[in-house]
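J.: The structure follows.
All of the numbers you see were taken from the coordinates with simple rules; none came from a lab. Just so we're clear, the structure is a prediction, and the values are computed from it rather than from any experiment. Reconstructed Cβ throughout: ideal geometry from the backbone, glycine too, with neighbour counts over all protein chains shown.
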Amino acid sequence: MFELHHLSAQEQWDWLQRGEVSPEELVQHYLQRIARLDGDLGAFLTVTADAALQRARDLPASSSRTAVLWGLPFADKDLTRRAGVRTTFGSRLFESFVPDDSDELAMVLDGAGAVSLGKTNVPEFGLPSYTENLVAPPARNPYDRTRGAGGSSGGAAVAVAAGLLPFAPGSDGGGSVRIPAAATGLVGLKPTRGLIPAGTGIDKLGGLVVPGPLARTVADAAMLLEGMLGRVNGRVPHPFTLRAPEDRSGSLLGSAVRGEGRYSLGVMTTSPWDDAYDIALSADALAALDTAVSEFAAMGHGMEQVALRPDDTYAPAFRTLWQAGAAGIPAEGQELERLEPLTRWLVRRGRELSARQLAEALAALTAYERSVLGQFAHVDAVLTPALALPPRPIGWYDAEDAERNFAQQVQYTPFTSFANVTGLPAISLPVSVTEDGLPMGVQLVGRPGGEATLLSLGAQLERRLRWQRRHPPVW
């Protein structure tokens, strides 16, 4: 039986434009699915049903019908403040916090005509790459509820994969959009540092964290990305990018819809963590990569093997930034005991760092960025596995031993963080499923400002593999 969530986000927007469905009817549909299904999935931390319905009723008179996301439901990641809505940051310290002001990204998405249905689940302060916290139940993978959905945008991924939302924004500081997208069979895009004015990353330590979309199709991801850009008269208003993109004024959605071009691709199975941790690629990860290589080669793209030059500065420098980033969490004295063990360890380690150690780590990662840009300069994009292993079971990560926990995260996600360090755009694409029915994907890392190339490549692969037709049982 047909239901509204069976439509892509683009198709839903078309229906809204033609008046075949109203914003209120569409919001009501998704709210009913959330009420019925989310208790077993853990996608949402807060649902704002009344506010969402009121906004949907007000939209026809209050905003331009042609806005890029007009009438489409989404949900804020619970690291994003929205005025008057509980924002927990996945932490018991903030489980009752209600901000007075909204973050810029929330306002930009409102301006694009979208309707927020609430807040999606996150790990504590978005620090780990899995979504299990002490505020709410874990975000469960809709393909197998004994498995996790990755993180830190795990709730967003679950909501989209299960048909509780057409798409959702996430944020990515080491893979936090791409990891959950890959774990749940979605497309996840981390844009170039500086591309999105409401989340440039330039104001973050090391420039690591930027927002990005999760969606079921490449075009839907590009559509949400367009809404996140906040264009004025067709142009991004104040792009604080450090490097010139391919086309600042061109439509990224157009690139995703057309899916044109032939490109030179490097294929890589090395990671910057190889010398510091025991990284082993599962047969499922290699099978997904082999499928993507075969399909891209069949489409006429140039293919060559590439490898990252070994660099023993990367692992300790990234660990230092991860710890330093937690140092500013507003917890003092007894409040530290309310933090989860991993967070508490990160905060304490971060506060023990000297200014010299932090400066040395930042310098090392800046040098690493320059090195990688040079190593990849001869190709249009680099193809890697998205994850080294299939989605991990709930409770797999060590909750008490922080060092082991960090090692587990690296072993699961060795290919994602270097795109944040270098500021490069990267997209995860769902390629295959394991014998147990779990999604597996690949990652494409592009040139600075190369989102159009990644979207074009993703669209071409999507046409051949038809992953948009795969859905979890809850669908």
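J.: When N is the residue count of segment 132-219, what does its C-alpha Rg come to as a fraction of 2.2 N^0.38 Å? Please list the in-between numbers first.
T.: Working: Rg = 12.9 Å, N = 88, 2.2 N^0.38 = 12.1 Å.
Expressed relative to 2.2 N^0.38 Å, the Cα Rg reads 1.07.
J.: When the convex hull of the C-alpha atoms of segment 366-475 is computed, what volume per residue in Å³ does it have?
T.: On the way: hull volume 14.4 nm³, N = 110.
Dividing the Cα hull volume of segment 366-475 by its residues yields 131 Å³.
J.: Setting aside same-chain residues fewer than 8 positions from K190, which aspartates and glutamates have a Cα under 15 Å from its Cα?
T.: D172, D220, E226, E451
J.: Report the antiparallel proportion of the DSSP beta bridges in the chain as a percent, rounded to a multiple of 5.
T.: If we restrict to bridges inside the chain, about 70 percent are antiparallel.
J.: Once Lys and Arg get +1 and Asp and Glu get -1 on their Cβ, which of S176, V445, G230 lies farthest toward the positive end of the dipole of the chain?
T.: So the residue furthest toward the plus end is G230.
J.: Within straight cross-link reach of K119, meaning Cα distance under 12 Å, which aspartates and glutamates are found once same-chain residues fewer than 8 apart are removed?
T.: In chain and number order, the partners are D76, D78.
J.: How are the alpha carbon pair distances in segment 4-469 distributed across 20 Å bins from zero to the largest one, expressed in percent?
T.: Cα pair-distance distribution for segment 4-469, in percent: 27, 61, 12, 0.
J.: Right, another one. Place the peptides 354-363, 163-172 in order of packing, highest mean first, counting for every residue the other Cβ atoms within 10 Å and averaging per peptide.
T.: Working: 354-363: 13.4, 163-172: 28.3.
Answer by packing, highest mean first, reads 163-172, 354-363.
J.: Using the Cα gyration tensor of segment 1-45, with a ≥ b ≥ c the square roots of its eigenvalues, what is the shape: rounded (a/c below 1.5), prolate (a/b larger than b/c) or oblate (neither)? Write out the running numbers ahead of the final one.
T.: On the way: a/c = 2.42, a/b = 2.16, b/c = 1.12.
Prolate.
J.: With a point put 7 Å past each Cα toward its Cβ, work out how far S371 is from S251 in nm, to one decimal.
T.: Between S371 and S251, the simple spin-label model gives 4.2 nm.
J.: Divide by every residue of the chain the summed helix terms, -39500 (n - 2.57) for each DSSP H run of at least 4, and state the resulting mean residue ellipticity at 222 nm, rounded to the nearest 500 deg cm²/dmol.
T.: So the calculated ellipticity at 222 nm is -11500 deg cm²/dmol.
J.: Sticking with this structure for a sec: Please list, ordered by chain and number, the residues whose modelled amide H lies under 5 Å from the amide H of N121; skip anything fewer than 5 residues away on the same chain.
T.: HN-HN under 5 Å from N121: F44, L45, G155, A156.
J.: Same structure again: For segment 23-105, what is the convex hull volume of its Cα atoms per residue in Å³? Could you put the intermediate results ahead of the total?
T.: Working: hull volume 8.9 nm³, N = 83.
Expressed per residue, the convex hull around the Cα atoms of segment 23-105 is 107 Å³.
J.: How would you order 268-278, 379-389 from highest to lowest mean count of nearby Cβ atoms within 10 Å? Don't jump to the answer; show the numbers that get you there.
T.: On the way: 268-278: 18.3, 379-389: 24.8.
The peptides rank, most packed first, as 379-389, 268-278.
J.: Pulled fully out, how much extra length does the chain show between R262 and D312, if you take 0.36 nm times their separation in residues and subtract their Cα-Cα distance?
T.: Length gained, R262 through D312: 14.5 nm.
J.: Quick one: check the C-alpha center-to-center distance for segment 15-38 versus segment 405-430, whole angstrom.
T.: Using only Cα atoms to place each centre, the spacing works out to 34 Å.
J.: Give me the dipole magnitude in Debye, nearest 20, for segment 4-469 about the Cα centre, with unit charges on the beta carbon: positive for Lys and Arg, negative for Asp and Glu. All intermediate terms of the calculation are to be shown ahead of the outcome.
T.: Working: 42 positive and 52 negative charges, 143 e Å.
Using Cβ point charges on Lys, Arg, Asp and Glu, segment 4-469 gives about 680 debye.
J.: Now a separate question. Which of the three applies to segment 75-165, rounded, prolate or oblate, going by the alpha-carbon gyration tensor with a ≥ b ≥ c and a/c under 1.5 meaning rounded?
T.: It comes out oblate by the Cα gyration axes.
J.: Per 0.36 nm of contour for each residue apart, how much would the distance between V98 and A61 grow if the chain were fully extended, relative to their Cα-Cα spacing?
T.: Details: separation 37, 0.36 × 37 = 13.32 nm, distance 2.82 nm.
Net length gain for the segment: 10.5 nm.
J.: Here is a further query. Taking a ≥ b ≥ c as the square roots of the eigenvalues of the Cα gyration tensor of segment 138-177, is the shape rounded (a/c under 1.5), prolate (a/b larger than b/c) or oblate? Mind dumping the intermediate values first?
T.: Working: a/c = 2.88, a/b = 1.21, b/c = 2.37.
Since a/c reaches 1.5 but b/c is at least a/b, the shape of segment 138-177 is classed as oblate.
J.: Quick one: order I202, I179, I34 by neighbouring beta-carbon count within 10 Å, fewest to most. Show your work: numbers first, answer last.
T.: Details: I202 13, I179 36, I34 23.
The most exposed by this proxy come first: I202, I34, I179.
J.: Sticking with this one: Stokes-Einstein diffusion coefficient for segment 276-328 at 4 °C in a medium of 1.567 mPa s, Rh from the Kirkwood formula over Cα pairs: what value in µm²/s? Intermediate values should be presented prior to the final figure.
T.: Values: Rh = 14.6 Å.
Diffusion coefficient, whole number: 89 µm²/s.
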